[in-house]
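**Student:** Got a structure here, written out as structure tokens. Questions coming.
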Amino acid sequence: MFAVGGIDQTFDPGAGANNPIYAMILQPDGRAIIGGDFSTYGPFSRSGIARVSTNGLADLSFNPGTGALGSPAFTVWSLALQIDGRILAGGDFTSFNGVPANRLVRLNTDGTVDRSFNMSVGANGSIRAVTVQPDGKILIGGLFTSVQGVPANRIARLNFDGTLDTTFNTGPVSDPAKRGANEAVNTIALQTDGKIVVGGAFLEFNGVTRRGITRLNPDGGNDPTINFGAGANGSVASLAIQPDRKIILGGGFT
């Protein structure tokens, strides 16, 4: 037995990751996928991503090969799990296990690259947030300004195969420079009605003042029914939506 809030001694990662972990998702079977800046987990080479068994040790049935690679950074910042068990990983990397993958990759359940998801062009900057919609489409946010060769200011939506979803249209069509966020998108959360809550370091979103947080309609346009007032006075790093639709946020604001 262990005290409420105490460390679970049955979970022993040993040496664990040799550098920071920034993202974690839990599979239905209790195993966890972790992403970050690490190059090893325990005695095993695991560049940016690993799967951890319920006892804390590396799950050797998940083998990402050489994993995430890039220069100067290979960090995995964000993870998402599809309903079929495949894993989406976003970050700073430009290839994964030798396959071109610019900042986003989809892995099969054993850690191998899913080559049906093509991100050889991908995003031109870091991906910090990945969220899967119930229809299988994929929302991404980060520091990028183009995705698959098309202008996209720090937020975009992809189809199931990695192609750009052109029905997701942010901002006024007449002024492409004001589409999306003017600074980093760090986190994306979905409401049950399909609306999209976005947090980050931005001061404007779709040409409208939105300090650190905004909500979009399912098509990517501003939701005029919500008012965050002066917003956050610092970056929003994480979001969660309660069952009653209230929004919890954390970050660098005071």
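**Student:** Just to be sure before I move on: is A23 under 15 Å from V76 (Cβ atoms) and in contact with a Ser or Thr (Cβ under 6 Å, 6 or more places away or on another chain) in the structure I sent?
**Tutor:** Considered against the rule, which asks whether it is under 15 Å from V76 (Cβ atoms) and in contact with a Ser or Thr (Cβ under 6 Å, 6 or more places away or on another chain), A23 comes out as yes.
**Student:** Only residues that are closer than 16 Å to E204 by Cβ and among the polar types (S, T, N, Q): list them for segment 224-254, please.
**Tutor:** N227, N233, S235
**Student:** Here is a follow-up. Can you find a residue that is under 22 Å from N124 (Cβ atoms), surrounded by 23 or more Cβ atoms within 10 Å (Cβ to Cβ) and of a type in the set (G, A, S) anywhere in segment 73-87?
**Tutor:** Checked segment 73-87: at least one residue is under 22 Å from N124 (Cβ atoms), surrounded by 23 or more Cβ atoms within 10 Å (Cβ to Cβ) and of a type in the set (G, A, S).
**Student:** Between a residue in segment 232-247 that is over 11 Å from I188 (Cβ atoms) and any residue that is loosely packed, with under 10 Cβ neighbours inside 10 Å, which pairs come within a Cβ distance under 8 Å, given they are 6 or more apart or on different chains?
**Tutor:** N233/T254; G234/T254; R245/T192
**Student:** What are the pairs, 6+ residues apart or on separate chains, where a residue within segment 120-143 that is farther than 13 Å from G90 by Cβ and free of Cβ contacts under 8 Å to residues at least 24 places away in the same chain has its Cβ under 9 Å from a residue that is hydroxyl-bearing (S, T, Y) and part of a loop (DSSP other than H, G, I, E, B)?
**Tutor:** Going by the 9 Å Cβ cut-off, the qualifying pairs are N124/T145.
**Student:** Please go through segment 8-52 and give me each residue that is among the aliphatic types (A, V, I, L, M) and exposed (fewer than 15 other Cβ atoms within 10 Å of the Cβ), ordered by number.
**Tutor:** Passing the criteria: A15, M24, L26.
**Student:** Which residues, counting only those in segment 16-37, are over 16 Å from G48 (Cα atoms) and of a type in the set (A, V, I, L, M, F, W, C)?
**Tutor:** L26
Conditions tested, residue by residue: (1) at pLDDT 95 or above; (2) surrounded by fewer than 19 Cβ atoms within 10 Å (Cβ to Cβ); (3) assigned to a loop (DSSP other than H, G, I, E, B).
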position	(1), (2), (3)
G194	yes, yes, yes
G199	yes, no, no
P218	yes, yes, yes
G229	no, yes, yes
A232	yes, no, yes
L239	yes, no, no
R245	no, yes, yes
F253	yes, yes, yes
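**Student:** Applying the selection to segment 42-88, what residues are within 19 Å of T131 (Cβ to Cβ) and assigned to a strand (DSSP E or B)?
**Tutor:** I49, V76, W77, S78, L79, A80, L81, I87, L88
The values are calculated or read from the model by the stated rules, or taken from the named source; none is laboratory data. Predicted, not measured: the structure shown is a model, and the values here were computed from it. Counting neighbours? That spans all protein chains shown, and the Cβs are built from the backbone with ideal geometry, glycine included.
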